[in-house]
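Colleague: Here it is: the structure, laid out below.
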Amino acid sequence: MPHDGGRVAVAGAVLHPLVAVVDPGAALALHADDVEVHVDARREQRVVRPPHVPPEVDVDTHPPGVPAIDGEREVGARRDEGDVRRGRVELRPRAGAVPAGGLPHPVAPPVGTEAGVVQHTPLVVETREIDPVEDLLSFADPARPLAWFRRGDGIVAVGEPVAELRPSAEEGRTRAETLAALWQGLAAAAEVSDPLRLPGTGLVAFGAFTFDEDSRADSVLTIPSRILGRHGDRFWETRIRRSGDERAPGAVEPAEYGPHWAGTVGPGAQSPQGYQDAVRSALARIADGELSKVVLARDLQGTIPAGSDLRRLVRALATGYPDTWVFAVDGLIGASPETLVTVQDRTVTARVLAGTIGRGADADADTAASAHLASSTKDLDEHQYAVQSVLASLRPYTRALAASEQPFLLKLPNLFHLATDVEGELENGRSALDLVRALHPTAAVAGTPTPTAIAAIRELEPFDRGRYAGPVGWVDADGNGEWAIALRCAQFTSTDDAIAVTAYAGAGIVAGSDPESELLETRVKFRPLVDALA
Ligand SMILES: C=C(O[C@H]1C=CC=C(C(=O)O)[C@@H]1O)C(=O)O
């Protein structure tokens, strides 16, 4: 790369001396001099700070170019969380409605059975390679897509699930622990034929867990009866059935996308003013030494027409944000840039994001924004809390755990994040679900120290986060899996005459945070969802 006196030339452009844009696939430890350059604004890019970081400069912290979200105005009332199932682990057929998330919804009565029955009916699983499929998503359920994509690779569920596991809260055991134990039993008993052994082949369950153990929303693991998947140029179909079920599988057909639909969202339980007041309260607690960081979120609510083909939203997110984890699990749909943890063949990776600034309106403003973020002590501190929390949580379950020394800048279409990649080797006998349990909630979505931050969130946020900011992803029978933190997302819940939408976005509050800037940051984070809904 041409390099001249601290100025880094990139494809004819000159970047601020603080930053260099590098290929997302490059190795963990990067130097500004030995990297490849991308300048495609729609693609994820890493921007690393060169070794000599000049002293911090005093720059306005407002994210530039951030329009208000339509209809945002003062409102208040706490959302009615409605009915949420509690009690047993259920084996449930598709209900024809988008369930969970905390709002009322029509749900078919469970035809299922206790956890023991699920566990003691072994699953029979066969994966086979198939010809390339042009659009995997077209095979998913339009009303209730179950999908996981990144950069064109991914898996979608087709047809009725074999089981949906929704454990109730139990004394002394989190629902995530119950699900991990159930999965271990199911996986151990399953008969799996998987000649491909790629990420997402074999016995796979999709999961979405609540942020808060006290949430009234469900934590769920769904085991599909059929999965179509892609990894690079390889495609596969997996069939999963309960042992003894000898019914011939039906044909797998794509379904045409339903008509275009649009929806709008406006203020939810937390108004913009209420959010800034909550940030002020958080700052007072930080000043009192109660905690050092807390992540405060707000919500937007709206509706979309009943019968909307939700695959359209998934497709829009996957096209607009190809480098994020695009997910649709149990009505929770979003595009998260933050990897909670991935495990493949015992290699563990995680990507920590904390510290954010909106993209600039033009190239100069963009460069200034990224330079500002890269040198902001407040954001670098906030980031370090998140990195340390991830390393501390992973250490007991991994060997040779390493993180890049300095954060890089992750460039997304709507914003920059400070990011750190972590890599290690999984200890024997552990699975992706163990790591999910150990990691959640990270300081990127809760704060530091964690219990105090969770208590502050419960007091300062006038709504139940449901699965927002919780783990979302998939796990296989060998303990492999890909899990993101459910950010930049919304919960879609069928009601009698429409589909209710609640979108969420938050920001990390540390000493020095400015309430108005944090509000603007949440606006930037709502953009992927709000734009895709419009
Ligand atoms: C809580 C959110 O973002 C987290 C992840 C990345 C950066 C963050 C930040 O800079 O505040 C947040 O910690 C959200 O998107 O709702």
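The values are calculated or read from the model by the stated rules, or taken from the named source; none is laboratory data. Owing to the predicted nature of the structure, the values given are computational and were not obtained by experimental measurement. Positions of Cβ are generated from backbone atoms using ideal geometry, with glycine treated the same way; all protein chains shown enter the neighbour counts. The protein model used for the area step is the full one, side chains on, heavy atoms only, and it has no ligands, DNA or RNA in it. Shrake-Rupley method; radii C 1.70, N 1.55, O 1.52, S 1.80 Å.
Colleague: Could you tell me how far the Cα centroid of the stretch 477-534 sits from the Cα centroid of the stretch 362-412, in Å?
Modeller: One Cα centre to the other: 20 Å.
Colleague: Continuing with the same structure: Can you check what the net charge comes to around Ile485, using other residues whose Cβ is under 13 Å from the Cβ of Ile485 (Lys, Arg +1; Asp, Glu -1)?
Modeller: Result for the neighbourhood of Ile485: +3.
Colleague: Now for a different question. How long is the gain from Glu129 to Ala365 if the chain were fully straight, where each residue apart is worth 0.36 nm and the alpha carbon distance is subtracted? Before the final figure, lay out each step's value.
Modeller: Details: separation 236, 0.36 × 236 = 84.96 nm, distance 4.79 nm.
Gain on extension, Glu129 to Ala365, equals 80.2 nm.
Colleague: Which loop GluC sites (Glu not before Pro) in the stretch 410-510, with loop taken from DSSP, have no more than 15 other Cβ atoms within 10 angstrom of their Cβ?
Modeller: Passing sites in the stretch 410-510 are Glu427.
Colleague: Accessible surface of Ser375 in the full protein assembly, 1.4 angstrom probe, to the nearest 10 Å²?
Modeller: Approximately 10 Å² for this residue.
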